[in-house]
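Structure, as structure tokens:
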Amino acid sequence: MLQHKATKDFKNWGKKEYLKLAKENPVKFLIKIHGEFFKKKEGVVIELQEDMKEYLNNEEFKKHFKDAIELRTKVYYKTRFENKNKSK
């Protein structure tokens, strides 16, 4: 984030700035790619589609959902790190 003009001051950000960045990047593309599961909703960062809400209290669903997010996060950072090293 230090490399990009728009995010170089991230250490001084508050919740508002982080939420704005999340909505402009990962959330936007998560909705675009997986719109069958997620949707935009005013006043929140992201929302599950109506037919997915029945799983919100299912512990097994929450466990797998968390695993999927963690995997995507690892892949994202691994890819960024590898691409950064290739450009050197």
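Quick note: the coordinates plus some simple rules give every number you see, no bench work behind them. The model shown is predicted, which means the values in this text are computed figures rather than measured ones. Every residue, glycine as well, gets a Cβ built from its backbone with ideal geometry; the counts of neighbours run over all protein chains shown.
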**Item:** 0 to 90° range, to nearest 10: angle between helix 15-24 axis and the chain longest Cα axis
**Value:** 80 degrees
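To the nearest 0.05, how large is the calculated FRET efficiency for D51 and Y18 if R₀ is 30 Å and r is the Cβ-Cβ distance? Mind dumping the intermediate values first?
Values: r = 30 Å, r/R0 = 0.98.
About 0.50, to the nearest 0.05.
I want the local charge near I69. Using Cβ-Cβ distances under 12 Å, sum +1 for each Lys or Arg and -1 for each Asp or Glu among the other residues.
+3
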**Relative contact order of the chain, defined on C-alpha pairs under 8 angstrom at six or more residues apart (%)** = 11 percent
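Quick one: length gained pulling F29 to K41 fully straight, 0.36 nm per residue minus the C-alpha distance? The partial results should precede the final answer.
Numbers: separation 12, 0.36 × 12 = 4.32 nm, distance 1.47 nm.
Extra length available between F29 and K41 comes to 2.8 nm.
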**Prompt:** Which of (i) 1.30; (ii) 1.16; (iii) 1.79 is the computed Cα Rg over 2.2 N^0.38 Å for the structure on display?
**Reply:** (i)
